Amino acid sequence: MPLLNKVRTAAPGGLGGDTASPSLSRLRSALTLFFALDGFLFAGWVVRIPAIKQQTGSSAGDLGLALLGVSAGAVVTMTLTGRLCRRYGSHAVTVATAVLLSLSIALPALTRSPLSLGLVLLVFGAAYGGINVAMNSAAVDLVAALRRPVMPSFHAAFSLGGMLGAGLGGLVAGSLSPATHLLGLTFLGLLLTAAAGPVLLREPSPALPEAVPAAVRPRGRTGARGAVLVFGVIALCTAYGEGALADWGALHLEQDLHAHPGVAAAGYSLFALTMTAGRLSGTALLERLGQTRTLVAGGTTAAAGMLLAALAPNVWAALLGFAVTGLGLANIFPVAVARAGALAGPSGVAAASTLGYGGMLLGPPSIGFLADWFSLPVALTTVAVLAAGAAVIGYAARNTRAPEAV
């Protein structure tokens, strides 16, 4: 019987136990801060988009084109960052891209036209894509050294940072100009990078605890690429749902179920909250169930939750569906990225992240087109279909194991 990629922990006193070496503990704390900083800065920018739209005199179409700069910059950089990590190390690239992200977040508030906004968002997107690949690559190395499946904890930090950034942004939006707010985020980002960056720069990426048995290695470069592609598709299925719910969840509640605008706005917040809670418990779940069972259970749970949310007869059933969907999707993306990184290093992380980000871009417009052709509830059922697909693919790939899953 296969072990279904269940990750064993290190023996007591080893690298994976509670008595991990001080250097690994410092690395984990520093990386956790960078994940939180990434989510915090990105959310801080997102909540100021309406003000930036007004400042630049952008129409909805102009703003949509300008926002493509974030996507274009991120996707292009993600494909290059894996090479930079192999050459200079994922720790150095994480610090460098954190500095660039902190500096570039102040630029949108300085623009006065849609064209200039789109150009600076290319830089911001490049930094955002780069830090996501670099810090995930560093996290994959650390997970292997710790011999514990702690990847979800890093993504939980990203989610918590995003919630904090959005909350703070909402509080100051009425009293601070976008320029003042975003410049403050620049200083805070640089300060935190200066505090945590030296830890990454001093400590090399930890070596793998043991060699990978030949029986679980993909056969050749083609096999490795194919396996990474599989986990990239799983990441895409998850990110599709995140993007779709972010842009269409509130509209579904208000338009189809006649929810109060305040209740409708709470739908995505509930989804994000349960996703964060799921990621905080992800390490314990992975240690108990293993990677494949976690993927299958998560995809199945998300599919059931999204079917309920999309086809619910009333608001409260839909909110319950959003909450269940968040729990189900929570750990699929972290596991997929970790598996891809364990199989192919930074290049694997880059490929899986790029596909996942593509899913986040694909979700909202796909839902829009399907809603025009059919209805919004029917369109949202595609989130359930892809979540179920992630579960099926995850089970089919159960024998493609990462180095720590032996």
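The values are calculated or read from the model by the stated rules, or taken from the named source; none is laboratory data. As the structure is a computational prediction, the values presented were derived from the model and not from experiment. Don't worry about glycine lacking a Cβ; one is built from the backbone with ideal geometry, like all the others, and counts go over all protein chains shown. Side chains are part of the model used for accessible areas, which takes the heavy atoms of the whole protein and leaves out ligands, DNA and RNA. Shrake-Rupley method; radii C 1.70, N 1.55, O 1.52, S 1.80 Å.
Computed from label points 7 Å out along Cα-Cβ, the spacing between GLU203 and SER21 is 1.0 nm.
Pairs of alpha-carbon atoms within less than 8 angstrom and 6+ residues apart define the contacts here; what relative contact order does the stretch 324-406 have, in percent? Here the relative contact order equals 28 percent. Placing +1 on the Cβ of every Lys and Arg and -1 on the Cβ of every Asp and Glu, with nothing else charged, gives the stretch 234-346 a dipole about its Cα centre of roughly 420 debye.
Distance between the C-alpha centers of the stretch 328-406 and the stretch 247-310? Whole Å please. Centre-to-centre distance over Cα atoms comes out at 14 Å. Annotation: peptides 106-116, 367-377, ranked by per-residue average of other Cβ atoms within 10 Å with the highest first, follow the order 106-116, 367-377. Helices in the chain that qualify as membrane-span-like (whole DSSP H runs, Cα extent of at least 24 Å along the helix axis, mean Kyte-Doolittle hydropathy of -1.0 or higher) are 22-46, 60-88, 114-146, 151-172, 178-202, 220-251, 261-280, 291-311, 332-373, 376-396. Atom-type composition of the exposed protein surface of the chain places 69 percent of the accessible area on carbon and sulfur (1.4 angstrom probe). Ordering of 43-51, 170-178 by packing is 43-51, 170-178, highest average first (other Cβ atoms within 10 Å, averaged per residue). Projecting the Cα atoms of LEU182, ALA224, LEU67 onto the charge dipole of the chain, computed from C-beta unit charges around the Cα centre, puts ALA224 farthest toward the positive end. Within the shell of other residues whose beta carbon sits under 13 angstrom from the beta carbon of ALA179, the net charge comes to +2, with Lys and Arg scored +1 and Asp and Glu -1. In terms of its alpha-carbon gyration tensor, the stretch 261-316 comes out oblate; a/c meets the 1.5 threshold, while b/c is at least as large as a/b.
Only one of the listed values, (1) 60, 54, 43; (2) 79, 58, 47; (3) 57, 48, 37, was derived from the coordinates as Cα extents along the principal axes in Å; which label is it? For Cα extents along the principal axes in Å, the calculated option is (3).
By its C-alpha gyration tensor, with a ≥ b ≥ c as the square roots of the eigenvalues, how is the stretch 126-213 shaped: rounded for a/c under 1.5, else prolate for a/b larger than b/c, else oblate?
prolate
In the chain, Cα pairs under 8 Å separated by at least six residues give a relative contact order of 26 percent. Rounded, prolate or oblate, given the Cα gyration tensor of the stretch 19-138, with a/c below 1.5 counting as rounded? Verdict is prolate for the stretch 19-138.
Packing, taken as the mean count of other beta carbons within 10 Å per residue, orders the peptides 248-254, 83-89 from highest to lowest as 248-254, 83-89.
Report, in deg cm²/dmol and to the nearest 500, the calculated mean residue ellipticity at 222 nm for the chain, where each DSSP H run with n ≥ 4 adds -39500 (n - 2.57) and the sum is divided by the residue count.
Mean residue ellipticity, 222 nm, calculated: -27000 deg cm²/dmol.
Here r is the Cβ-Cβ distance between LEU103 and LEU311 and R0 is 51 Å; the resulting FRET efficiency, rounded to 0.05, is 0.65.
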